[in-house]
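Structure record follows, encoded as structure tokens.
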Ligand code: NAI
């Protein structure tokens, strides 16, 4: 049977397969789930619409979901994050370039925003589901919440019988989403409502997507149960921190080749991602300055030995500026206008609204020069004698995925083992009343299991708790060892 897909270049599948093979070695959590559940196939019957950076590591996730019985359609959750060779290998699967037999992937590096929202719709619309909705997606695996958002907006506008006109668009991207939905409503008044009716649950990867899920649940609008994978300890305290500690300097170096040592680096936000970013830059010898709005995180940064300042106070000193907040308008156009010549500006928070890119483009006389893909020099006040420029990475989008290849396999194995367990949990308990239309985290015992699965590979010798010690501490010998309130 032929599969539908849209990727950059299917002939790169062997290159992707070699990388996937090496990544499997570095992803012991996922590989042990294959060994544990490969026969039982707990995901048989699951049809997962996946929206998560289409990298080599994600290929191992996708193929683990398939090994556990799931059918999958996949898109990337960012226009720049796809590794085209990984996408090719996943599409080809056990087949050939001529007769692919893998998973339908709709992702390529350097999508337009129109392409991006087309791919989001493609993973939600399954072949045959127009005639028989029960053949459609019944699970979502999301990163940043865009697949979930599109579905919820679709249902909302189908109920209203109309999608707002172009004038209602908050920005360019919102206008594209509205036009995708308008076109869909014109063809089929109930498409998204039927799709949503089949969905048993969503597992969400990142801080920003979890925020969106909580907002939906608080308004009573969440259409199905959700598991917040991000707040598994073995996700956010590992991927967000140690992952960025690797992939942020990787992205800056691949993009610019600038020596980080001796520079002044300003990191906006000192949450999990900010902590990893600051440590990485300091590790390279930069003098790091933190900006924070939360007094607890500001105090943590100070106690960790960083200067903590407002961006306005230090904007003229920084050589490198990195946003990590998950908020918006963090580096504003007035900041960029006040930066040093050739200052580097980048973001690793989930969405591109942390840096005011549209406002930068609207500065009178500004010129944009492409140094190479995903690296742009923005020349300010050209020809005035005051001419200077800043270097913006990945157009203000996730630079660790746009300019490099994202987090390495070992740390993603932790995150994705949580993802697979969340999918099993939601899918196997669907219809039992176990989960309401709320946002849940995985039980702590599973969190500890994820960590346990990664110890051997690092040669970690874990101390065993004796029954007497366990009784004294009031915890089971086999765990879990901490209360839910423990912060690690
Ligand atoms: P977090 O909530 O732990 O940290 C964000 C920090 O930013 C908080 O401490 C907050 O007080 C601070 N903040 C908010 N507004 C600010 C402002 N105006 N100025 C200065 N600081 C401000 O969130 P986490 O887990 O660190 O995630 C941050 C973002 O990174 C999210 O969008 C998340 O989805 C994304 N993320 C990106 C990854 C990547 O590979 N690039 C990996 C994991 C998460």
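No lab work stands behind these numbers, since they all come straight from the coordinates. Keep in mind it's a predicted model, so treat the numbers as computed, not measured. Cβ placement follows ideal geometry from the backbone for every residue including glycine, while neighbour counts extend to all protein chains displayed.
The stretch 327-352 and the stretch 162-222 have Cα centres separated by 29 Å. The modelled label-to-label distance for the pair residue 21/residue 303, using points 7 Å beyond Cα in the direction of Cβ, is 4.9 nm. Report note on the peptides 197-206, 378-387, 306-315: ranked by the mean count of other C-beta atoms within 10 Å, highest first, their order is 197-206, 306-315, 378-387. Stokes-Einstein, applied to the Kirkwood radius of the stretch 242-403 over Cα pairs at a viscosity of 0.890 mPa s and 25 °C, places its translational diffusion at 159 µm² s⁻¹. Averaging over all projection directions, the Cα-based convex hull of the stretch 175-289 occupies 10.3 nm² in the image plane. Using every pair of separate Cα atoms, the Kirkwood estimate puts the hydrodynamic radius of the stretch 1-109 at 13.6 angstrom. When peptides 8-19, 276-287 are ranked by their average number of other Cβ atoms within 10 Å per residue, the highest-first order is 276-287, 8-19.
Calculated on C-alpha atoms, the gyration radius of the chain divided by its Kirkwood radius gives an Rg/Rh of 0.97. Note on the stretch 80-192: Kirkwood hydrodynamic radius from all Cα pairs is 15.6 Å, rounded to one decimal.
Using 0.36 nm per residue and subtracting the Cα-Cα separation, the extra length available between residue 338 and residue 313 on full extension is 7.9 nm. Protection proxy ranking, highest mean first, for peptides 420-432, 160-172: 420-432, 160-172, where packing is the per-residue count of other beta-carbon atoms within 10 Å, averaged.
With a ≥ b ≥ c the root eigenvalues of the C-alpha gyration tensor of the stretch 50-141, is it rounded (a/c under 1.5), prolate (a/b larger than b/c) or oblate? Judged from the Cα gyration tensor, the stretch 50-141 comes out oblate (a/c at least 1.5, b/c at or above a/b). Looking at the chain alone, DSSP beta bridges between its own residues are antiparallel in about 20 percent of cases. Spread over its residues, the convex hull of the C-alpha atoms of the stretch 312-366 is 74 Å³ per residue.
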